[in-house]
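Just so it is clear, none of the values below were taken in a lab; they were calculated from the coordinates. Quick caveat: nothing in here was measured; it's all calculated off a predicted structure. So basically every Cβ, Gly included, is an ideal-geometry build from the backbone, and we count neighbours across all protein chains shown.
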Amino acid sequence: MADYRSIYQRSLADPAGFWGEAARDIDWYKPWSTVFDGDLPPAGRWFVGGELNTCHNALDRHIAAGAGDRLALIYDSPVTGQKRRYTYTELRDEVARLAGALVAHGVGKGDRVLIYMPMIPEAAMAMLACARIGAVHSVVFGGFAAPELATRINDAQPKLILAASCGIEPNRVIAYKPLLDEAIRLSSHKPSACLIKQRPQAEAPLVAGRDHDWDTAVSRAQPAGCVPVAATDPLYILYTSGTTGQPKGVVRDNGGHAVALYWSMGNIYGVNAGDVYWAASDVGWVVGHSYIVYGPLLKGCTTIMYEGKPVGTPDAGAFWRVISEHGIKVLFTAPTAFRAIRKEDPDGKLLRQYDLSRMSALFLAGERCDPETLNWARAMLDKPVVDHWWQTETGWAIAANPLGIEQLEIKPGSPAVAMPGYDVRVLDDNGKDAPAGDLGSIVIKLPMPPGCLPTLWGNDQRFISSYLTAFPGHYLTGDAGIKDANGYLWIMSRTDDVINVAGHRLSTGAMEEVLAGHPDVAECAVFGVHDEMKGQLPLGLIVLKAGVQRDEKDIVAELVARVRDHIGAVAAFKQAKVVARLPKTRSGKILRGTMVKIADGAKWSMPATIDDPAVLKEIETSLKALGYPRA
Ligand code: COA
Ligand code: AMP
């Protein structure tokens, strides 16, 4: 009988044996010569010498095994009133033709393709079509504005862009095409072509010579077959927020990714081929990459693409409707979705209208899950509710309760224990192991398991300086927390300028750069304040240039609009206040951490290094004027 502890211990004692065995669940054209080569820069590579194709493993392989008629993907879109179902054969055929259209546009192995799409099946097809021909996709979340898109175009240098004409939010249709046109205008790199999936809610005019109609291109294309790629070749680049306005291009390889995700589906989520698995997220985030598209399909599950929200499409029973209608076995979403549902339907009246008997568990991630939300979900569903912790960089859970192996004790507030391959340590400021129960920096002793980022796109140096330098020999997660005496982890906060708004990872540094670009702003500080529903919300404090006499209301409105235009609606930047001065240390560092504590009503003490204590008193008054701390 397998137990978590012995599996975990084996993974650390014999990583090559452990992952070499796990890799047998994947189809390889050519076996690897070395399971892990730690000498390859910058931090070693998995399955060196091996060749495979991720799309083959996600689609063709199941068809060859006789499962072509099994449902691969269900599109459920309450915002358009549409539902569509694709069997594995149907999805493979769509993907192969789209891949053929990419080839017809000159895209080949190693070329980058940028994908800017809403939650429609074509988004998953686009990712799989790239994987099929060895092209490297980079999906950009639809809630990002044109300048963010431009930054990614410049960094990834895509040959082709795949986009839809619009996305649909419950209260409005968002025309994507003007955003795309503006991003291409802003970027110094220009793609040679764009394929545009026209949606009837907002058809887009096409730029002659550059833009092509998606459906026409696909209808003319010859299906393309799967191209063998090296296990170490990149499958995708996914940009994520770092400390500055320049996002980090997290690279995912093909081999380690397929092995790790396949392993996680059975062992963490406890699902098998044929089960229906739903990650209620977006393909623009890592959760969407790993658990809407690749994980479930690699395992032979049916995956759900849901174009809607937990509330308002049409009500707080939306998730229960999807679960009962499609027979979902496992739901994965962010705690914020459950906080939104709970707010509207605290007693679960809507939930009781649906049959959730086929559901076995709920998994939550993307932000810290407060015990109250976890306990509420547990009481409502009467099923295990698993908080698990990971990040874009790792691609799969660092810590979880591995239901597929055994269900460990659930401790609300903790994402449970380290998963195989992750030697998770909590270090003090001197790099020494912190005693059990003490707060420290959470790091992963190298090597990281398969599936984790091998580097940042085109920037080994930034990978090394961001992640490997603070504590040599260890990967810095950027999270602070505690490991208790039983090995349970408690993730408390970020150690950098990243905040988490409704499960979306955002950089306060990037927002500060946008605010600082306003002609009236001398300096500013953005930090995350606690929010009941979204976990955190950004708040900006602004010092105006000398002599600026304009109305504060107008300036704040301009700053809010500016963040929306530069970063996107997803930043949810709606609160700012003009202050006379910002609190700083004697060396000039802004004391953001102390301001967060004041705003959240937490205990705080006057920092010994403060330049002028009176400033913090002024800030306290300004925050009070904004309603902080909340009652
Ligand atoms: N394209 C364009 N705009 C988008 C978008 C997209 N794909 N996704 C969100 N936005 C916009 C929203 O319309 C909103 O605009 P507004 O300021 O004009 O209202 C803004 O970005 C902020 O979005 P969000 O923070 O998601 O807030 P919300 O009020 O629209 O929804 C929740 C709140 C809790 C319902 C929503 O965040 C949710 O469903 N979360 C589920 C968890 C999740 O998906 N997590 C991702 C990682 S697992
Ligand atoms: P992202 O890269 O967008 O997935 O965001 C990763 C970050 O979100 C992590 O580094 C954490 O700060 C936070 N996070 C994700 N899941 C959890 C969790 N279960 N508990 C606490 N924090 C989490």
Highest mean first, what order results for 234-240, 574-580, 424-430 on Cβ atoms within 10 Å? 234-240, 574-580, 424-430
Based on the Cβ-Cβ distance of Ala580 and Ile174, what FRET efficiency does E = 1/(1 + (r/R0)^6) give at R0 = 25 Å, to the nearest 0.05? 0.05
Contour excess over end-to-end distance, with Cα ends at Glu558 and Arg358 and 0.36 nm allotted per residue: 67.0 nm
Going Cα to Cα from Lys445, which lysines come in below 24 Å? Please leave out same-chain ones fewer than 8 positions away. Lys248, Lys432, Lys483
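Before rounding to the nearest 500, sum -39500 (n - 2.57) across all DSSP H runs of length at least 4 in the chain and divide by the residue total; then give [θ] at 222 nm in deg cm²/dmol.
-8000 deg cm²/dmol
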Arrange Thr621, Thr594, Thr302, Thr80 by Cβ neighbour counts within 10 Å, fewest through most, would you? Thr621, Thr80, Thr594, Thr302
If I stretch the segment between Ala516 and Asp551 completely, what's the gain in nm (0.36 nm per residue apart, minus their alpha carbon distance), one decimal? 10.8 nm
The answer for the per residue Cα convex hull volume of segment 502-625, in Å³, is 111
Here is the link list: Lys109/Lys159; Lys577/Lys617; Lys159/Lys190; Lys309/Lys574; Lys597/Lys617. Which ones come out longer than 18 Å on Cα distance? Lys309/Lys574
